[in-house]
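As structure tokens, the structure follows; a few thoughts come after it.
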Amino acid sequence: MKHLLSKGSGLAVIASVAALATTAGTAIAHPVADTLPAGTNLSVSIDTPADGAVLPPGPVTVAGTASVGTGQPNTGLITVIDVSGSTTAGSDCPTPGDTVIDCEKAAAIALNGLAVDAVGEVGAVFFGSNAQAADLDPAAGTQLITTPTADLDGNGERDVEQVIGSAQASQFTDFAGTTAVGGGTSYGNAVTAAVAAASQSSMDRVLVAFLSDGQNLEAPPVSGLEDVAEHIDFHTFAVGTFGCDSDPLGLGSLQDIADGTGGECREVDNIADLPGDLLEAFAAELSGLSLSVDGGPATPITSVTPPLPQEGPADVDYTVDTEPLGPGVHELCVTATGSDAGGNGSVTDCHTVTINAAPQVDPGGPYAGQEGSPVGVLGDVVDPDGPNLTTQWSVAPVTADPGTACAFADPSALATTITCTDDGTFELTLTADDGVNPPVSETTTLELTNEAPVPTITAPADGTLAEPGEPVEFVVPFTDAGSNDTHTCTVDFDDGTPIADGEVDQGAGSGTCTATHEFTTVGAHQVLVRVTDDDGESGTAVVTVVVFLPGEAFAIQAAGPVTIQKTPHATCPPDEIETLAQLNVAIAVVDALNAECTVDPDTGETVAYASIDGASLLGGAIVISNIESSCVSNADGVTRSSRVGTINGVPIGTGSGAISIPLVATVFYNETTTNSSGQLVQNAIRVQTVLGQQIILAGCRLG
């Protein structure tokens, strides 16, 4: 037999036990684990002294833990249940009226409950004349293996226990439906079905609990057991009057199955004992602990809690003192012995200890560097008895701002680095401890200078375009090698306004300066942000904000009885150039229409320009030539101008004025104004008729 069940908490399995950490500066104890012949985990760990520890002369106290049958499940369990006709007979089960099959189901369900924490996977096989491994998963397809706690159909009952509970005489119901297996008894078919289920398990070992109340009556006989995979063990249980060796027909017995697979057979005369016999068949025990020093004779360890022997699963603590040890290296070995149904076994954990003399310490230095940056330190320790000792750096501020903290990369290494969150003077202490004499310490000094903060402007982006009066938010993350420093920030907006304080939100070694500003002057502004730490060091960052007036230009627009949208119409930003060869509508015929609008992203200069070669308005009542207007905004200010060649043959030029055409319209030329939206307006021509028709030619706007 290769695996086992442990009384009290189900199946004992192969395990890896979590490592036990010792105090700082010592090694970490790792348990040594092995398996007993039937596969049960047996583990022992020396927790103290740490492996490689340096100890004073005299007795050494050895303490640790041992366990049997605990750990991470790596075992599968297949339960084989006899549902042949004879199992419908009455029984001496604890519940009145129960049949043999009722007892089998109760025992199998109890077995699964005990296996929840000890088995990784389970399966179920039902047999009579035939045998079938059950489908244990409601998903499509046939899944012969599941976990002992799975409830994939969500009905509140474990799937494997639900299927086991469905068994009736000659049949059972699984997730594939109801399957009939006949009323006879065929061990061979049952073994084949159990192996099929076990082959789907991912566990290293698989146990098969094979329950039957009758002899093998059906061919094929139980043959080929020698071919069952090495990792599969059958443990058979002869329930009722038929014994392990019952085989009057020569078709094979339950004993044959157990012998052929490395298991054992148990006769359960009283079926009420079936659950207990299932567990007892797989019991494991931690029987002894002993200590050996330097390969000498083993001394029994008697201080064990709880006392030995202990039936698995079980954990115990132990402690024992050695004889006085002299200088040198000594090996201490603790051996745990135990047994399971497969026989006896043992496992051993060994640690070494060393005696050492007082060390000589030199911390080196003095040292110097910058705040926030690692500074290398190199100490030296001489130990006449060898290198098995502990060393520790420590630091204390001499002159430093409150809140300053320092940390060594590896405080136990002689060659390491130290990093401090602020500038100042510090005392470094190197301590060596051999565990025999009082710790030996020597000191040196460390001088750290201040480092300037480093700001980076993330908003706005360099070259951002903004309109006058538009709030522009400045976001300036910064870092500082001195994470204990505090900071202020100022912003010079380069537009003639006073330098302003930014708002600082900071943490350890980093923060963000923010400010919001509304520019009023057009042009490129080199905004400078300065972040200053509490030691007076500062760093700067610059971003360019280009302030501009948005613009638009159009060749013609009309409102009144006849409406003409701005045509062609150019706005900026972004830059646009729009042209139209001719526009012919009821009130106007216009040739060579042009509209342009551009913004220089480097200077913020906006140029809006519109032109028309010639226009005939109101059925030829008004004829105008060479019309253009221009609106320009830059750092020097705003200029607006327009020019008209002739109106009905009269030369006009760039001056402004109006011409009245009696009973028709008034023609306003080179008109400069501001509209109701606050835009700066330049119209080369604006015609207002007596009937309320308005026509604008070559217009530009800023703002």
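The values are calculated or read from the model by the stated rules, or taken from the named source; none is laboratory data. Since this is a predicted model, take the numbers as computed values, not measurements. Because the Cβ atoms are built from the backbone with ideal geometry, glycine has one as well, and the counts that use them run over all protein chains shown. Just so you know, the surface numbers come from the protein's heavy atoms only, side chains and all, with ligands and any DNA or RNA stripped out. Shrake-Rupley method; radii C 1.70, N 1.55, O 1.52, S 1.80 Å.
Does region 373-381 contain at least one residue that is over 34 Å from the mean Cα position of the chain (by Cα), closer than 30 Å to Ile355 by Cα and free of Cβ contacts under 8 Å to residues at least 40 places away in the same chain?
yes
Looking only at region 469-510, count how many residues are under 19 Å from Thr603 (Cβ atoms) and either surrounded by 15 or more Cβ atoms within 10 Å (Cβ to Cβ) or hydroxyl-bearing (Ser, Thr, Tyr) (or both).
Qualifying residue count, region 469-510: 4.
Ala592 - would you say it is over 52 Å from the mean Cα position of the chain (by Cα) and part of a strand (DSSP E or B)?
yes
Report, ordered by the first and then the second residue, all pairs with beta carbons closer than 8 Å, sequence separation of six or more or different chains, a first member in region 427-448 that is under 24 Å from Asn484 (Cα atoms), and a second member that is among the aliphatic types (A, V, I, L, M) and open to solvent by 60 Å² or more (accessible area, probe 1.4 Å).
Every condition considered, the pairs that remain are Glu427/Val398; Thr445/Val398; Leu446/Ala368; Glu447/Ala368; Leu448/Ala368.
Filter region 405-428 for residues that are within 15 Å of Thr445 (Cβ to Cβ) and open to solvent by 20 Å² or more (accessible area, probe 1.4 Å) and give the result.
Result: Cys406, Asp423, Thr425, Glu427.
Quick one: in region 35-57, of everything that is open to solvent by 10 Å² or more (accessible area, probe 1.4 Å) and of a type in the set (A, V, I, L, M, F, W, C), which residue is modelled with the highest pLDDT?
The selected residue is Ala50.
Given the criterion part of a strand (DSSP E or B), closer than 20 Å to Gln565 by Cβ and out of contact with any Leu (no Cβ under 9 Å at 6 or more places or on another chain), identify the matching residue among Gly699, Gly692.
Gly699
Exactly one of these conditions fails for Ser616: (1) assigned to a strand (DSSP E or B); (2) open to solvent by 30 Å² or more (accessible area, probe 1.4 Å); (3) more than 15 Å from Ala588 (Cβ to Cβ). Give me its number.
Condition not satisfied by Ser616: (3).
Looking at region 204-235, which of the residues that are over 17 Å from Ile81 (Cβ atoms), at pLDDT 85 or above and not in a loop (DSSP other than H, G, I, E, B) is nearest to the chain's Cα centre (by Cα)?
Ile232
For Thr302, which of the numbered conditions (1) under 45 Å from the mean Cα position of the chain (by Cα); (2) β-branched (Val, Ile, Thr); (3) part of a loop (DSSP other than H, G, I, E, B) fails to hold?
(1)
Starting from residues that are surrounded by fewer than 13 Cβ atoms within 10 Å (Cβ to Cβ) and assigned to a strand (DSSP E or B), keep the ones in region 640-651 and report whichever is farthest from the chain's Cα centre (by Cα).
Restricting to residues being surrounded by fewer than 13 Cβ atoms within 10 Å (Cβ to Cβ) and assigned to a strand (DSSP E or B), the top hit is Val650.
Restricting region 238-292 to residues that are among the β-branched types (Val, Ile, Thr) and crowded, with 20+ Cβ neighbours inside 10 Å, which is modelled with the highest pLDDT?
Ile257
Where in region 306-362 are the strands (runs of 3 or more DSSP E), entirely inside, with at least 3 residues that are surrounded by 20 or more Cβ atoms within 10 Å (Cβ to Cβ)?
By residue number, 314-321, 329-340, 343-354.
I'd like the full set of residues that are over 30 Å from Ala169 (Cα atoms) and small (Gly, Ala, Ser), limited to region 63-111.
Ala63, Gly64, Ala66, Ser67, Gly69, Gly71
Mind listing just one residue for me: the one in region 168-192 that is within 45 Å of the chain's Cα centre (by Cα) and small (Gly, Ala, Ser) and, of those, least open to solvent (accessible area, probe 1.4 Å)?
Ranking the qualifying residues of region 168-192, first place goes to Gly177.
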